[in-house]
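Structure provided below as structure tokens; questions to follow.
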Amino acid sequence: MVREHDRQEAKWPVLWVRAAMRTAILVCLEAGPLHGYGIALALEGLGFGRPKGGSLYPILEELKNADVINDEWEQSEGGPGRRVYRLTETGRARLERERRQWNMMVGVLVGASSGHAAGSSDDAVPGRAMVDDTTVGGDLAGGSEVVTHAADAILQEVRSAPNSGRQVADRWKRNVHADRDGR
Amino acid sequence: MMMKSAMTAMADVSVDALTEEYRRVRGDDADAVWAAEAACELCERWHVDVDRACRVLEEQCTTFRAIIADADLEDIDSEDVYEAKAGAKTGNAGFRHGASLNEMFGDPKAWAFGRVEEWREEGIDAFAYERPESMRNVTVTALKASAPVYVVFWLLMLASGWSSMTWSLALVPFPVMSGDSSTLWSGDGLFPLRDLFMPFVIVLMIGLARTVYRRVLRNISHMLAVVTVGVLAVVAGLGGAMLSEWLLPPARVNAAWMLLLAAVWALSGWVVARLWREPSRRSRLSESSPFVDDATWIRDVGRLLRERGDITDGAARRICDEAEAFSARSGSDLVAEFGTPAEYAHRFRETSVRARREMAGCVATVMLLTLIMGLALLAIVGGQWHGSLVPVGVQGVFYVMAVVAMIDSVRRYRHAAILAKR
């Protein structure tokens, strides 16, 4: 039996992670389809910790029943077939709506201390950060540009290479730490 | 049936005791009603295990008491406090102090839904779905349920033959009268002997069909369960007709036999229940065990998913396949990654599949009854129906009940479909 890879703990309190999990999954699928384990690794890369299958799949099933995502069997070259999940148009609309809502909530929570007004014009621009982006993983709406680009690259690699998930996640960590150290 | 009755009785006692606790907090019957509705919603609507439901309601009652105690201490003058305590002691109905439970904790349905969502989110196995009945329970239930059905038949015969039937025909079972058994039910209180056992056979077949459906659904698939029940119904119908032709002579009996058999079935149900012990259920420990191997885990998850009734065969297979694939990639075993079979199978939110299946069943039943009623009406209108309309009347009653059930099932399906997409 292959040993379980070292699981990275979530960067945020478990209640926050639980509350934001569905939005985070949609973020992971935004750039392209992923299989279940790929979603788990992408979530780990976003700072949500790698969810156990028992937590992840019921949420995927719920999102599927709500027509937010759909799934299909994909035969990969040189490897076993797998089921991949993809964001639907309904899912994209829901993601945009939830991003705005999260932005507004974060603005309310941190606006008074950091001078950002709640519901500022930034929430009309998808993906713009409203919080201090030195936090690893940033926030769901973005983070620093380097972090965002790294996240995109990681997701692309996980989608294209069936067995490189672990290496991809390790590189994500290195990229983010390099970004933080470089400031 | 005894064990189930005992368990149901215990559950009833627990819930009754709980609602009484709620009522005692401030002597308000409305609080007991809230608790009863919440308990019903948890157990009937969401298939929550009774023990779990009682536990969460007890915890809620503790919170309720604390809120009331705090409110008493804070701002109530001594006269009100005296009245509050007196009201609670004497169970003075109608005395209210403070907000209603709806205002404090929300509507019972919304409160129950919130608890269910929490348990699913946290992977707590709080659910207990309907299981197949044993043959003993099916038999005892059929015997006991047949009694009122025979009484209904007797009443209808009394009503239809009011002007012509004598009281002796209605109340005294005469010896079997030889005659042409193909004669339809006559209006003078006589009917064919071969129809005497039909209501019991129908009730027994319904119970048997339900338990066979649930067994095949749990162990194999929904599709095969439907086919099996269909075959069973056809075989039972044809077999029953042939048996009655073979075993019973062409004869007629009077209406009082219905009343006699009602008493016989009721007494038989009581006797059989006492003599035929509930068989010990096969252990289902593996479903809640954290020590199962992967093969057992997959088997149990599949069974539990199908047993829910709201997961299709394809979805159940897909869920198990995905679990295996994820586990292989992560390098953990299935229990470590997904929890026990019961925890995982009960984590999935309710879908509209069960409501859709029930709706389809109701629609099929109504269509079949419509066909039968249509043929009967054609025969009546065409002058080919000779005799009493009691069988048509009984069928009409069942037809109305089936239509009402179908309308209700459509409403429930629409509600479930909206809930599933939330």
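The values are calculated or read from the model by the stated rules, or taken from the named source; none is laboratory data. Every value quoted in this text rests on a predicted model; they were computed, and no experiment measured them. Note: ideal-geometry Cβ built from the backbone for every residue, glycine included; neighbour counts use all protein chains shown. When the accessible area is computed, the model is the full protein with side chains, heavy atoms only, and any ligands, DNA or RNA have been set aside. Shrake-Rupley method; radii C 1.70, N 1.55, O 1.52, S 1.80 Å.
Considering only region A:51-71, I want to know if a residue exists there that is open to solvent by 10 Å² or more (accessible area, probe 1.4 Å), more than 13 Å from every other protein chain (Cβ to nearest Cβ) and out of contact with any Phe, Trp or Tyr (no Cβ under 8 Å at 6 or more places or on another chain).
Within region A:51-71 (the criterion being open to solvent by 10 Å² or more (accessible area, probe 1.4 Å), more than 13 Å from every other protein chain (Cβ to nearest Cβ) and out of contact with any Phe, Trp or Tyr (no Cβ under 8 Å at 6 or more places or on another chain)), the answer is no, since none of the residues qualifies.
To continue, here is another question. So, B:Cys61, is that one buried (at least 19 other Cβ atoms within 10 Å of the Cβ) and either hydrophobic (A, V, I, L, M, F, W, C) or at pLDDT 60 or above (or both) or not?
No: the conditions fail for B:Cys61.
If you take the residues of region B:394-416 that are of a type outside the set (Val, Ile, Thr), more than 16 Å from B:Leu371 (Cβ to Cβ) and open to solvent by less than 30 Å² (accessible area, probe 1.4 Å), which of them is modelled with the lowest pLDDT?
Per the stated criteria, the residue is B:Ala416.
Same structure again: For residues that are at the interface with chain A (Cβ under 10 Å from one of its Cβ atoms) and outside any helix (DSSP H, G or I), tally how many sit in region B:312-355.
Adding up the residues that qualify gives 12.
Still on this structure, please answer the following. Can B:Thr211 be described as open to solvent by less than 30 Å² (accessible area, probe 1.4 Å), closer than 21 Å to B:Arg131 by Cβ and in a helix (DSSP H, G or I)?
Yes, satisfied.
Go through region A:20-50 residue by residue and tally those that are hydroxyl-bearing (Ser, Thr, Tyr) and either within 13 Å of another protein chain (Cβ to nearest Cβ) or part of a loop (DSSP other than H, G, I, E, B) (or both).
Number satisfying all stated conditions: 1.
Right, something else. Applying the selection to region B:49-65, what residues are more than 14 Å from B:Ser14 (Cα to Cα) and β-branched (Val, Ile, Thr)?
Result: B:Thr62, B:Thr63.
Which one of these is modelled with pLDDT under 95, assigned to a strand (DSSP E or B) and either of a type outside the set (S, T, N, Q) or under 30 Å from B:Thr340 (Cβ atoms) (or both): A:Val84, A:Val2, A:Val17?
Every option except A:Val84 fails the conditions.
Given the condition modelled with pLDDT of 80 or more, within 14 Å of chain A (Cβ to nearest Cβ), surrounded by fewer than 16 Cβ atoms within 10 Å (Cβ to Cβ) and over 20 Å from B:Asp195 (Cα atoms), answer yes or no: does some residue in region B:378-385 qualify?
Among the residues of region B:378-385, not one is modelled with pLDDT of 80 or more, within 14 Å of chain A (Cβ to nearest Cβ), surrounded by fewer than 16 Cβ atoms within 10 Å (Cβ to Cβ) and over 20 Å from B:Asp195 (Cα atoms), which makes the answer no.
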